[in-house]
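I have placed the structure first, in the form of structure tokens, so that the comments after it can refer back to it.
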Amino acid sequence: MQKTGAGLLAPFIFIFPLVIQAAVTEREQAIALAMQTVAKIHPGEPLSVVKIRAVEWPDASLGCPKPGMLYAQVIVDGFHIVLAASNHLYTVHTGQGRATICRH
């Protein structure tokens, strides 16, 4: 029995949507985490996403190193998110399941 070209591609047809879904889920999780972090400062305030982009942080500081601290030198996939709350903008960096408000 000989396989046709379509038969060889069948596994990829099912994998591709899962990759897209995983990326959306990571993005949604990052937004939720960022909003939880900012909500600690502004409880009950409506929050909105101004900007979001995927990034690779150069180390475990998520792009927000604190003076005197040492960080693991590993590439961390995450997001740079700007949220608006009460006429304030907050820059939140996410990665490795955590979020930090960056004050530059």
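The values are calculated or read from the model by the stated rules, or taken from the named source; none is laboratory data. Note that the structure is predicted; figures quoted are calculated from it, not measured. Using ideal geometry, Cβ is built from the backbone for each residue, glycine included, and neighbour counts are taken over all protein chains shown.
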Where the second residue is part of a loop (DSSP other than H, G, I, E, B) and surrounded by 13 or more Cβ atoms within 10 Å (Cβ to Cβ) and the first is touching a residue at least 12 places away in the same chain (Cβ under 8 Å) and of a type in the set (F, W, Y) and lies in the range 41-70, which pairs have Cβ atoms under 7 Å and are six or more apart or on separate chains?
W57/G63
Could you give every pair whose Cβ atoms fall below 7 Å, whose first residue belongs to the range 74-93 and is over 9 Å from A34 (Cβ atoms), and whose second residue is of a type in the set (G, A, S) and part of a strand (DSSP E or B), counting only separations of at least 6 or pairs across chains?
V76/G95; D77/G95; G78/G95; A84/S48
For I41, state whether it is within 14 Å of H88 (Cβ to Cβ), of a type in the set (A, V, I, L, M) and surrounded by 10 or more Cβ atoms within 10 Å (Cβ to Cβ).
yes
Out of the range 61-104, which residues are among the basic types (K, R) and assigned to a strand (DSSP E or B)?
R98
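A quick yes/no check of all residues on (1) under 16 Å from G78 (Cα atoms); (2) of a type in the set (V, I, T); (3) at pLDDT 50 or above:
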residue	(1), (2), (3)
M1	no, no, no
F16	no, no, yes
A22	yes, no, yes
I31	yes, yes, yes
P43	no, no, yes
K51	yes, no, yes
